[in-house]
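Undergrad: Attaching a single structure in structure tokens format; questions to follow.
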Amino acid sequence: TQAKPLEHINPAPLYPRLAQRKGWEGIVYLNVSINPLGTVNNVQIKKSSGYSILDIAAVKAIREWKFMPAAIDDRKVSSAIVLPVEFQLK
């Protein structure tokens, strides 16, 4: 099975105030490496939102997230996923 974010405990990334004021929106695609304990080993930007302030906010948040680790034959293993993080004004 593939690693999955524990959505009920992971806080949404903080939307930077400057980006909100300027009306900046976008999706950041992150390469996330997850260890067998479900914590993040590494986060890298795969595709920028076009705004570095949003990219940085996404990386900062996801570094703290917890995941249900990937498993092979019921054994928890390290894995990597691509995770989209969307910043959208309401």
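The values are calculated or read from the model by the stated rules, or taken from the named source; none is laboratory data. What you see is a predicted model; the values in this text were computed from it and never measured. Ideal geometry is used to build each Cβ from the backbone, glycine not excepted, and the neighbour counts take in all protein chains shown.
Undergrad: So which residues in the range 21-38 are loosely packed, with under 14 Cβ neighbours inside 10 Å and hydrophobic (A, V, I, L, M, F, W, C)?
TA: L37
Undergrad: Scan the range 42-76 for residues that are outside any strand (DSSP E or B), in contact with a Phe, Trp or Tyr (Cβ under 7 Å, 6 or more places away or on another chain) and not small (G, A, S) and jot them down.
TA: Y51, L54
Undergrad: Of the residues L14, L6, L18, only one is touching a residue at least 60 places away in the same chain (Cβ under 8 Å) and surrounded by fewer than 17 Cβ atoms within 10 Å (Cβ to Cβ); which?
TA: After applying the criteria, what remains is L6.
Undergrad: Follow-up. If you check E64, E25, which single one turns out to be in contact (Cβ under 8 Å) with a residue 60 or more places away in the chain and either in contact with a strand residue (DSSP E or B) (Cβ under 9 Å, 6 or more places away or on another chain) or among the charged types (D, E, K, R) (or both)?
TA: E25
Undergrad: Which residue pairs have Cβ atoms under 7 Å apart, sit 6 or more places apart or on different chains, and have a first residue in the range 39-57 that is within 22 Å of Q20 (Cβ to Cβ) and a second that is among the polar types (S, T, N, Q) and surrounded by 14 or more Cβ atoms within 10 Å (Cβ to Cβ)?
TA: If the second residue must be among the polar types (S, T, N, Q) and surrounded by 14 or more Cβ atoms within 10 Å (Cβ to Cβ), the pairs left are D55/S48; D55/S49.
Undergrad: In the range 7-29, how many are of a type in the set (A, V, I, L, M, F, W, C), farther than 13 Å from L83 by Cβ and modelled with pLDDT of 95 or more?
TA: Residues that pass the stated criteria total 4.
Undergrad: Sticking with this one: State whether the residues of the range 46-66 include one that is over 25 Å from K90 (Cα atoms), of a type outside the set (D, E, K, R) and either at pLDDT 95 or above or touching a helix residue (DSSP H, G or I) at 6+ places or on another chain (Cβ under 6 Å) (or both).
TA: no
Undergrad: Next question. Please go through the range 77-90 and give me each residue that is closer than 15 Å to K4 by Cα and either outside any strand (DSSP E or B) or of a type in the set (F, W, Y) (or both), ordered by number.
TA: Within the range 77-90, S78 is the sole residue that qualifies.
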